[in-house]
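Undergrad: Please see the structure below; I have some questions.
The values are calculated or read from the model by the stated rules, or taken from the named source; none is laboratory data. Everything numeric here is computed off the predicted structure, so don't read it as measured data. Heads up, the Cβs are rebuilt from the backbone with ideal geometry, glycines too, and the neighbour counts pull from every protein chain shown.
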Amino acid sequence: MENIGHNKALIWSDRWRLGALSKNELMNIGFVSVIIGLLFVLFHLMGNTVDNLGSRSAFKWMVSRWGDKVSFGADYSHGYLIPFVSLAVIWYKREEFFAAKKQVCQFGLVVIVMALMMHWMGAKMQQTRISLMSLILLIWGIPYYFFGWKVAKLLIFPCAYLIFCVPLNFLDALSGPLQRLATTMAHSMLVDMGIDCERVGTQLMSPYFQLNVEAPCSGLRSLLAMTALTAVYAYFTQRTFVKKWVLFLFSIPIAVAGNIGRIISIALVSITAGQQFGTGLHHDWSGYVLFTVSISLMVGFGKLLNVNYLELFKSWKKAYLNHS
């Protein structure tokens, strides 16, 4: 019984009790609670002016787009994970946050005012996306004002990463070009393989199969998912700002190539195992396989970016000279 009591004493700390907190700590907790409450009122009760949803919540509008199975909103089904990734990044960097020099920065107040004006403009224009962007700017600007640039700099990535939560309607326009690109490239490669195939619009027709590359198969969903995944991978693995962006941008051709490979694999499986299996079971599972390949390419390219080629050349030259 004494050991149990001793273990509890190690687990429990008096610092968790409100009575153990100082007056300044209690005031800070109360002040943060007020700010969170104001943000809740501003964006949950007055965040959306679009009439067809039946709610004034910007959060409800956003979540409804994540689950949209008709329009391009289905491509944002990964939105549920994005806030947790941002929080995980902050937790991982917590020691740097505690060690950062903190001071009030007046420029942060300018950011807050700009964000509030964005929200007002989004409400007037009935563009909830603009309001959500202003919320992200507020989440960054408030700590910027109270704690200064050192903290704000650490918050740039986790706050900017929240943009992947916001359904951007202009990306829907990419669906058509991605359909045509994937169909054209797949058709060209199938013909080069010696397969009798004809392209009609976004359809691939052959004596062995008939494939219609519809909007959900355009690759937009995999493109958005790959860019979101590559962004956080590049942030943690690349040493320089330029390399982070190079790896992030590389995710776009990776995702497009993966979707083209998926269409070709469906055609080949339809030829060998029948169209019912190719456009059925294989179609449903091929995306996971090619997404795994895309992740492997992302990791491989990231490692190539981290190679010190100058040191590698020097070591190779030294070994060559010694061998000679």
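Undergrad: May I ask you to list pairs of residues, at least six apart or on different chains, whose Cβ atoms are under 6 Å apart, with the first in segment 98-115 being over 15 Å from Trp140 (Cβ atoms) and assigned by TED's automatic domain parsing to the domain that holds Tyr145 and the second being in a helix (DSSP H, G or I) and among the hydrophobic types (A, V, I, L, M, F, W, C)?
TA: Taking only residues 6 or more apart or on different chains, the pairs are Lys102/Phe147.
Undergrad: Could you list all residues from segment 165-182 that are in a helix (DSSP H, G or I) and hydrophobic (A, V, I, L, M, F, W, C)?
TA: Step one: filter segment 165-182 for residues in a helix (DSSP H, G or I), giving 165, 169-182.
Scanning segment 165-182 gives Cys165, Phe170, Leu171, Ala173, Leu174, Leu178, Leu181, Ala182.
Undergrad: Please determine, by comparing only the residues of segment 1-56 that are at pLDDT below 55 and closer than 28 Å to Tyr145 by Cα, which one is nearest to the chain's Cα centre (by Cα).
TA: The qualifying residue nearest to the chain's Cα centre (by Cα) is Trp16.
Undergrad: Looking at this structure, is Ile139 farther than 23 Å from Ala225 by Cα, in a helix (DSSP H, G or I) and under 21 Å from the mean Cα position of the chain (by Cα)?
TA: Working: farther than 23 Å from Ala225 by Cα: yes; in a helix (DSSP H, G or I): yes; under 21 Å from the mean Cα position of the chain (by Cα): yes.
Taking the combined requirement at face value, the residue satisfies it.
Undergrad: In segment 78-110, what residues are in a helix (DSSP H, G or I) and under 15 Å from Leu162 (Cβ atoms)?
TA: Restricting attention to segment 78-110, the residues satisfying the condition of being in a helix (DSSP H, G or I) are 78-80, 82-92, 94-99, 106-110.
Passing the criteria: His78, Gly79, Tyr80, Ile82, Pro83, Phe84, Val85, Ser86, Leu87, Ala88, Val89, Ile90.
Undergrad: Moving on to the next point. Cβ-Cβ below 8 Å, separation at least six or inter-chain, first residue in segment 205-229 and surrounded by fewer than 22 Cβ atoms within 10 Å (Cβ to Cβ), second of a type in the set (S, T, N, Q) and outside any helix (DSSP H, G or I): which pairs?
TA: From residues that are surrounded by fewer than 22 Cβ atoms within 10 Å (Cβ to Cβ), the pairs are Phe209/Thr279; Gln210/Gln203; Asn212/Thr202; Asn212/Gln203; Glu214/Thr202.
Undergrad: Test Leu190 against the criterion of being surrounded by 20 or more Cβ atoms within 10 Å (Cβ to Cβ), within 27 Å of the chain's Cα centre (by Cα) and modelled with pLDDT of 80 or more, and give yes or no.
TA: Details: surrounded by 20 or more Cβ atoms within 10 Å (Cβ to Cβ): yes; within 27 Å of the chain's Cα centre (by Cα): no; modelled with pLDDT of 80 or more: yes.
No; evaluated as a whole, the condition is false for this residue.
Matching residues to (1) exposed (fewer than 15 other Cβ atoms within 10 Å of the Cβ); (2) touching a helix residue (DSSP H, G or I) at 6+ places or on another chain (Cβ under 8 Å):
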position: Arg239; (1), (2): yes, yes
position: Lys244; (1), (2): no, yes
position: Phe250; (1), (2): no, yes
position: Ser270; (1), (2): no, yes
position: Ala273; (1), (2): yes, yes
position: Gln276; (1), (2): yes, no
position: Ser286; (1), (2): no, yes
position: Ile295; (1), (2): no, yes
